[in-house]
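Asks: I'd like to ask you about the structure that follows.
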Amino acid sequence: MTRHPKLLPALLAGFAMAALQARAAAVPEYLAAAIADPSRPAADKVRDVDRKPAETLEFAGIAPGEQVAELLPGGGYFTRIMSKAVGSSGHIYALVPALSPDDPPGTPDFSARVRTLAAEPTYSNVTVVSEPFAQLKTPVPVDMVWTSQNYHDLHNFPGLDLGVFNQMVFEALKPGGIYLILDHVAASGAGASETSTLHRIEPDTVKREVLAAGFVFVGSSNVLRQPSDSHTAKVFDPAIRGRTDQFILKFRKPAHP
């Protein structure tokens, strides 16, 4: 028992502050600067507490000068940060599915929001590539292919063979390149059965599919895991949206055949 109980809260607060400072010091300066960039929308910055961009991008290993292909960038949350992280000597290719003449009226244009982003002078190193995902091809070989919260959706693209798709990702990467997949966790045993309902997928299913394309598994991160998530709610449910249990899997294309 401590002889100075009034000092305990202060000591605990000091330890907590030291831990936070050590964690901040561990984040590379270029990532910290990219996340603190004033051109980021305020709404994006509010989401940082849940999305943990510093820890996520550090695990991915993104670095200045890299060429990165981002699959289905959505509103550009990570696009903006990665644009600043790779800097003027790097480039971000935002890959979105092209609209087909056969698409029904009202089919959303997945490229609209990221095209608006890419038109801003501060994101001049972002190029939007719109093409059928069944014919995925990056303009140049890239150092990393990144997809966050939407690998599961690839299971729902009509006519898209995931085995062929992951092989195209493999071919798009430079030798030694990284395939980074972040997505919502499905219940154990669900596999890919809930990709169109709850918008979740089991991590082991993703791992099995990607390894079949010739990738080597590098590791996983638990930084976005949420043990309180029951895995039974749709990810858009207001009660859990933004705070779902998520996995991050990192794969590498072998440097030599």
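Asks: Which pairs have Cβ atoms under 6 Å, sit 6 or more apart or on different chains, and link a residue in the range 158-183 that is within 21 Å of residue 247 (Cα to Cα) and touching a residue at least 24 places away in the same chain (Cβ under 8 Å) to one that is in a strand (DSSP E or B) and basic (Lys, Arg)?
Replies: Here the result reads 178/252; 180/250, each pair linking the range 158-183 to a residue that is in a strand (DSSP E or B) and basic (Lys, Arg).
Asks: Working only within the range 81-134, note down all residues that are touching a helix residue (DSSP H, G or I) at 6+ places or on another chain (Cβ under 7 Å), farther than 21 Å from residue 153 by Cβ and in a helix (DSSP H, G or I).
Replies: 81, 83, 84, 85, 123
Asks: Same structure, new question: Looking at the structure I just gave you, is residue 182 in contact with a strand residue (DSSP E or B) (Cβ under 6 Å, 6 or more places away or on another chain) and open to solvent by less than 40 Å² (accessible area, probe 1.4 Å)?
Replies: Taking the combined requirement at face value, the residue satisfies it.
Asks: Of all residues in the range 17-32, which are open to solvent by 60 Å² or more (accessible area, probe 1.4 Å) and modelled with pLDDT of 95 or more?
Replies: Answer for the range 17-32, where residues must be open to solvent by 60 Å² or more (accessible area, probe 1.4 Å) and modelled with pLDDT of 95 or more: 29, 30.
Asks: If residue 222 meets every condition in (1) within 19 Å of the chain's Cα centre (by Cα); (2) over 21 Å from residue 90 (Cβ atoms); (3) open to solvent by less than 40 Å² (accessible area, probe 1.4 Å) apart from one, which number is that one?
Replies: Going through the list (1) within 19 Å of the chain's Cα centre (by Cα); (2) over 21 Å from residue 90 (Cβ atoms); (3) open to solvent by less than 40 Å² (accessible area, probe 1.4 Å), residue 222 breaks only (3).
Asks: Same structure again: Go over the candidates 207, 234 one by one and state the one that is part of a helix (DSSP H, G or I), surrounded by fewer than 19 Cβ atoms within 10 Å (Cβ to Cβ) and in contact (Cβ under 8 Å) with a residue 12 or more places away in the chain. Talk me through it step by step, then tell me what you get.
Replies: Numbers: 234 fails: part of a helix (DSSP H, G or I).
Just a single option satisfies the conditions, and that option is 207.
The values are calculated or read from the model by the stated rules, or taken from the named source; none is laboratory data. These figures come from a predicted structure and were not determined experimentally. Because the Cβ atoms are built from the backbone with ideal geometry, glycine has one as well, and the counts that use them run over all protein chains shown. Note: areas computed on protein heavy atoms with side chains; ligands, DNA, RNA excluded. Shrake-Rupley method; radii C 1.70, N 1.55, O 1.52, S 1.80 Å.
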